[in-house]
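The values are calculated or read from the model by the stated rules, or taken from the named source; none is laboratory data. Since this is a predicted model, take the numbers as computed values, not measurements. Cβ: placed from backbone, ideal geometry, glycine included. Neighbour counts: every protein chain shown.
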Amino acid sequence: MKYVRQVATVTMKDLRAELRTKEAINASLAFALMILLLFSYTFDPEQEMMRQVSGGLLWIVFAFAGTLTLNRSFARELPNDCLDALIAAPIPGSALFLGKCFASFVLVLAVELVSLPVFGIFYRVHWTPQFPALFGVLLLGTWALTIIGTIFSALTVNIKLREVMLPMLTYPILMPALMSAMRLTTSLVNGQPIPEDDFAWLKMLVGFDVVFTAVSLVLVETVLVG
Amino acid sequence: MLSALFDSSVWTALAAAGVAAIASILFLRSRNFLYDSLALATTEIGLVLLAAGIVAGAIAGRLAGGFWWTWDSRLTTALVGVLLYAPYLMLRRAIEEPTRRAASAAVVSIFALFDVPLIALAVNWWLARRTVPAPFSAGWMILPVAILGAALAWMRLRQEQQRRAQDAERRTAQEI
Amino acid sequence: MSAVAVEGVWKYYGDYPALRDIRLEAAEGACLALIGRNGAGKTTLLRAIAGFSTAQRGKIKIFGKEPREAETRRQMGFIGHGISVYDELSALENLTLFGKLYGLPNPKKSANEWLERTGLERVRNGLVREFSRGMRQRLAVARAFLHEPRVLLLDEPFTALDDRAIAVLQRLLREGLAAGKTIVMSTHQLREALELATHVALLTRGQLAFHGVRTQEMVDDPGYVYARYGEGA
């Protein structure tokens with residue numbers, strides 16, 4: 001399938017370039033670890049409090065560190081005017097967009113999967129029992145972060161104050177997804193399955209992913225070419 | 001009365017968001033800048049009304065229960081609404097070229113509108129455990145607030161159109 | 001049907017009309033040199049033809065189709081101010097990437113061929129960030145020619161090239177023209193560009209001051225067109 005190959009080409013290009021320089025991933029990882037460390041000054045790993053804030057803390061770490069990576073997504077095309085060449089190439093804008101989404105998704109997820117054990121160690125949380133479900137929530141939440149972060153990375157690529165505008169646009173829109181992910185993660189990371197009441201949050205997260213993936217794909221040509 | 005004011009402003013702002021999103025879609029299809037001006041005008045006025053409403057709601061909460069912020073789900077949703085649409089205005093200020101600005105702003109407006117119901121639901125679920133939401137109490141006040149909003153938006157639209165006309169005149173003068 | 005047709009194009013940046021009522025055509029196989037002072041609108045016009053921006057008024061057609069259609073994009077090669085290749089990838093990786101994006105049947109083979117044709121075969125695995133300026137420019141040329149485009153849009157391609165890169169580019173352009181390619185090239189009245197040109201167009205403050213066949217006088221004295229048709233003529 002030609003389309004799939006085009007998406008894969010873009011994804012592999014981004015991943016190869018990032019793994020050579022490791023700019024985004026190093027910054028993102030350092031930032032994540034730093035937030036985890038800073039927060040440890042606030043909380044004693046005393047059981048009950050930790051249990052309640054764990055989901056929130058984790059997703060704050062993921063969202064903030066993730067934005068560093070997502071900002072690079074289209075910004076990496078600016079030196080040498082590479083964005084021109086990508087837009088001129090006969091691939092659909094959606095293929096370019098999805099290719100970058102998948103690359104960012106992998107990078108952000110990698111930082112999350114490193115942060116999780118660190119979190120477990122610093123805060124003495126046993127996150128392994130429900131790992132499959134936890135991983136599922138990570139995937140859904142990270143996709144939400146990625147899709148919104150990438151489309152706005154494309155939107156803000158040429159603006160002054162890009163580094164300020166990207167978080168300003170991304171975080172408010174992400175709120176429903178972040179809230180869902182936080183709520184679900186709080187139970188799962190403490191080894192508890194998702195309670196009945198909280199299944200609505202899972203639906204909200206999935207719904208968010210579906211709706212905004214669709215909206216992004218519809219609007220991507222406008223964002224890229226104006 | 002203050003909480004009725006708050007509720008009215010929330011509904012008016014919601015209508016403004018809807019109009020802005022529709023205007024944004026129409027701009028993207030037709031590239032007619034009237035729609036861009038309309039989207040800008042309604043978003044600005046909606047945001048102003050919403051902010052004023054939040055203040056009213058906060059005061060109402062203080063008078064009723066003694067706290068400035070009651071974490072009432074409607075009040076919190078309204079606040080998130082402000083955070084959602086303020087970047088629209090910031091973005092416009094950050095892009096100078098008019099076509100690019102209008103198109104980018106239109107995209108943000110559309111994204112924001114899709115988010116509004118999700119935010120309302122999410123905040124409601126989140127806070128339902130903590131507070132009992134106050135009964136909806138806009139009542140008759142919604143009419144004057146909505147009319148005020150529409151009038152302000154209309155004035156803002158006229159102002160924006162005038163500004164564009166002046167720009168166009170300046171443009172033509174340069175061509176001669 | 002001409003290869004490139006610009007029909008009554010106006011382009012504004014805010015209040016400022018960067019292009020005013022541009023009407024010009026380039027037939028297939030022609031080489032059009034676009035000359036003009038800095039800020040005259042050469043880059044704006046080229047980018048509009050390439051489909052990077054849309055004109056507020058008027059139409060642009062490449063072989064009768066819109067610049068943004070996939071088929072048109074496949075047939076178009078563009079060199080702008082930047083080299084549009086990735087610093088952190090190797091020359092071969094860069095060309096293979098673009099080969100894949102352009103749907104070439106054997107991207108790696110085409111990439112290697114073009115590395116040889118631009119004299120970069122010995123550094124094929126070197127990262128672009130370590131290349132000299134001339135090497136980077138030659139790679140940019142390889143990228144633009146890689147997919148055998150029918151139309152080439154070049155924005156001041158000879159500026160800041162070293163001698164070897166100039167020679168490579170001239171040779172490739174000559175071969176391209178002989179093979180029937182159409183070239184629209186903006187230039188700062190450089191002899192190298194005017195020699196290749198079949199037609200010349202002069203842009204002054206966004207307007208077309210002259211559009212016609214390239215004569216020997218223009219090659220001998222590049223300032224000729226300005227003196228004759230430019231401002232204060």
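General remarks:
- Criterion (away from chain A (no Cβ under 12 Å), more than 24 Å from A:Thr11 (Cα to Cα) and aliphatic (A, V, I, L, M)) met by exactly one of C:Ala165, C:Ala142: C:Ala165
- Per-region count, the stretch C:54-101, residues surrounded by fewer than 18 Cβ atoms within 10 Å (Cβ to Cβ), facing chain A (nearest Cβ under 7 Å) and in contact with a strand residue (DSSP E or B) (Cβ under 7 Å, 6 or more places away or on another chain): 1
Matching residues to (1) of a type outside the set (Ser, Thr, Tyr); (2) in contact (Cβ under 8 Å) with a residue 12 or more places away in the chain; (3) within 14 Å of chain C (Cβ to nearest Cβ):
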| residue | (1), (2), (3) |
| --- | --- |
| A:Met49 | yes, no, no |
| A:Val61 | yes, yes, no |
| A:Gly66 | yes, yes, no |
| A:Asp84 | yes, no, yes |
| A:Pro90 | yes, no, yes |
| A:Ser94 | no, yes, yes |
| A:Val108 | yes, yes, no |
| A:Gly120 | yes, no, no |
| A:Trp143 | yes, yes, no |
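- Scope the stretch C:154-183; condition in a loop (DSSP other than H, G, I, E, B) and on the phi < 0 side of the Ramachandran plot; matching residues: C:Pro157, C:Phe158, C:Thr159, C:Leu161, C:Asp162, C:Ala179, C:Lys181
- Restricting attention to the stretch B:36-59, the residues that are small (Gly, Ala, Ser) and more than 16 Å from B:Trp154 (Cβ to Cβ) add up to 6.
- Any hit, the stretch A:149-164, residues being away from chain B (no Cβ under 11 Å) and either aliphatic (A, V, I, L, M) or under 11 Å from the mean Cα position of the chain (by Cα) (or both): yes
- For A:Met165, the conditions (1) within 26 Å of C:Ser53 (Cβ to Cβ); (2) in contact with a Gly (Cβ under 9 Å, 6 or more places away or on another chain) all hold with the exception of (2).
- Taking the numbered list (1) touching a residue at least 24 places away in the same chain (Cβ under 8 Å); (2) closer than 27 Å to A:Leu219 by Cβ in turn, B:Leu83 passes all entries but (1).
- Residues (under 25 Å from B:Val10 (Cα atoms) and of a type in the set (D, E, K, R)) located in the stretch B:94-120: B:Asp115
Here is a yes/no grid of residues against (1) touching a helix residue (DSSP H, G or I) at 6+ places or on another chain (Cβ under 9 Å); (2) under 16 Å from A:Trp59 (Cα atoms); (3) aliphatic (A, V, I, L, M); (4) at pLDDT 95 or above:
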residue: A:Gly120; (1), (2), (3), (4): yes, yes, no, no
residue: A:Leu134; (1), (2), (3), (4): yes, yes, yes, no
residue: A:Leu145; (1), (2), (3), (4): yes, yes, yes, yes
residue: A:Lys160; (1), (2), (3), (4): yes, no, no, no
residue: A:Leu178; (1), (2), (3), (4): yes, yes, yes, yes
residue: A:Thr186; (1), (2), (3), (4): yes, yes, no, no
residue: A:Asp198; (1), (2), (3), (4): yes, no, no, no
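- Answer residue from the stretch B:81-115, given it is more than 8 Å from chain A (Cβ to nearest Cβ) and farther than 17 Å from B:Ile45 by Cα and is surrounded by the fewest Cβ atoms within 10 Å (Cβ to Cβ) among those: B:Glu96
- Annotation note: of C:Leu172, C:Leu127, C:Leu120, C:Leu153, the sole residue that is surrounded by 19 or more Cβ atoms within 10 Å (Cβ to Cβ) and more than 16 Å from C:Cys31 (Cβ to Cβ) is C:Leu120.
- Failed item, numbered, when A:Arg183 is tested on (1) touching a residue at least 60 places away in the same chain (Cβ under 8 Å); (2) surrounded by fewer than 24 Cβ atoms within 10 Å (Cβ to Cβ); (3) of a type in the set (D, E, K, R): (2)
- Looking at A:Leu96, A:Leu138, just one residue is buried (at least 19 other Cβ atoms within 10 Å of the Cβ) and within 15 Å of A:Lys13 (Cβ to Cβ), and that residue is A:Leu96.
- The residues of the stretch A:187-200 that are more than 7 Å from chain B (Cβ to nearest Cβ) and assigned to a helix (DSSP H, G or I), listed by number, are A:Ser187, A:Leu188, A:Val189, A:Glu196, A:Asp197, A:Asp198, A:Phe199.
- Residue list for the stretch C:15-34, filter: within 12 Å of C:Glu156 (Cα to Cα) and modelled with pLDDT under 90: none
- Filter result for C:Leu46 (in contact with a Phe, Trp or Tyr (Cβ under 9 Å, 6 or more places away or on another chain) and within 12 Å of another protein chain (Cβ to nearest Cβ)): yes
- Positions within the stretch C:42-80 being assigned to a loop (DSSP other than H, G, I, E, B) and among the aliphatic types (A, V, I, L, M), in sequence order: C:Ala55
- Pick from the stretch B:36-48, criterion touching a residue at least 60 places away in the same chain (Cβ under 8 Å), surrounded by fewer than 24 Cβ atoms within 10 Å (Cβ to Cβ) and in contact with a helix residue (DSSP H, G or I) (Cβ under 7 Å, 6 or more places away or on another chain), ranking: farthest from B:Leu84 (Cα to Cα): B:Ser37
- Scan of the stretch A:1-43 for residues that are more than 14 Å from every other protein chain (Cβ to nearest Cβ) and in contact with a helix residue (DSSP H, G or I) (Cβ under 8 Å, 6 or more places away or on another chain), ordered by number: A:Ala27, A:Ser28, A:Leu29, A:Phe31, A:Ala32, A:Leu33, A:Ile35, A:Leu36, A:Leu37, A:Phe39, A:Ser40, A:Phe43
- Residues of the stretch A:21-51 classified as of a type outside the set (A, V, I, L, M), closer than 16 Å to A:Ser73 by Cβ and buried (at least 16 other Cβ atoms within 10 Å of the Cβ), total: 1
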